[in-house]
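The values are calculated or read from the model by the stated rules, or taken from the named source; none is laboratory data. Everything numeric in this text was worked out from a predicted model, so none of it was measured. Glycine gets a Cβ as well: all are built from the backbone with ideal geometry, and neighbour counts include every protein chain shown.
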Amino acid sequence: MNCANVHEHIVMAAYGELPDEQMHQLERHLGNCPECRQEQAQLLAMKTLAEAWPMESPSPNLVARSRTRLAEALDTLPPMHWYERMAQWLTRSAGGLQAAPAAAALLLVAGIGMGSVGGYEFAQRHALSLGQAQAVSLSAKDGAANLVSPTGQGAVPEVANVSRIVRQPNSEQVEVSYNEVQPRQMRGSLDDPQIRQLLMLASQNASSPSVRNDSVALLASECRAGHGCRTADVQGSDIREALMVALRYDRSATVRQKALDGLEPYVGEDMQVRDAVLEALMNDPDAKIRSQAISILQPVEADTSVRQVLSTVATSDANSQIRNASRMVLRRVSEVQ
């Protein structure tokens, strides 16, 4: 057994599906391969975090929209050449059924190591359910928001995307430019639910990093200030969820850093926030964010899941400073206990 084919066996062993004979071979290989032992430790820690929460089924609205987007994406693909179709048919007929379990296992391993790449596309679809941001109707409100429309009409039926965010200096007023069939704008306070829904939609704008950065920065500042972002507040829960999606999947380290800042006050009271910070500690490619995650976890460092992740990081992280910081936290917790 070598490193090239051990990944599938690690996943199957974690879920009790590896035969005894292959299990002995895997144990011998892990005893001599520190890289594969590190991969196994990361998988087991991730499995512990995943099992802490029940699996939730996607809403029918999300499934329908995802299918629509998939159909639209498939329509834009160029036609396949005859030899590509032939190769695809041969692959399916020759080894499709036999390779299905192995392919699923390899896909799980790849998802753990490359979640920030593959998960980003999922985050875009997942964000459709955040406050029904992409299907929200922005109706005219008396004194709530001043809508600027090229047609002069008061009601806006549906938002396609957000193109620009500008905060007025030294005020709570925000101007959000968004697109319907034609560009539109809305002005209102950061406390306005419609403004917040637009900001949550903007946090998933894949085409404009600057818009994502501005929206996440505003949402994070509101959370840190305690403005409508408490656990008991439904709207606040949606904002924290938008920040967790940005922390997990955004490709910009700057955006992830701002999302982490906004989530910091809630790591002690919200288990979902705690899990998102633990995932950042284990998987974020930016050492600064992983280091900040250790500091943020200080109020809950005695928690079992936190200590388990810190133990994994203390032995497997590539950055020596982060390994040392994790060990210091573990020693401090042991002394207190």
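Under the condition of being part of a helix (DSSP H, G or I) and at pLDDT below 85, the residues counted in the range 200-221 number 4. Of the helices (runs of 4 or more DSSP H) lying entirely inside the range 270-327, those containing at least 2 residues that are charged (D, E, K, R) span 271-283, 287-296.
Going by the conditions given, is residue 8 surrounded by 11 or more Cβ atoms within 10 Å (Cβ to Cβ), charged (D, E, K, R) and at pLDDT 70 or above? Yes, satisfied. Among the residues of the range 291-308, at least one is over 25 Å from residue 200 (Cβ atoms) and in contact (Cβ under 8 Å) with a residue 40 or more places away in the chain.
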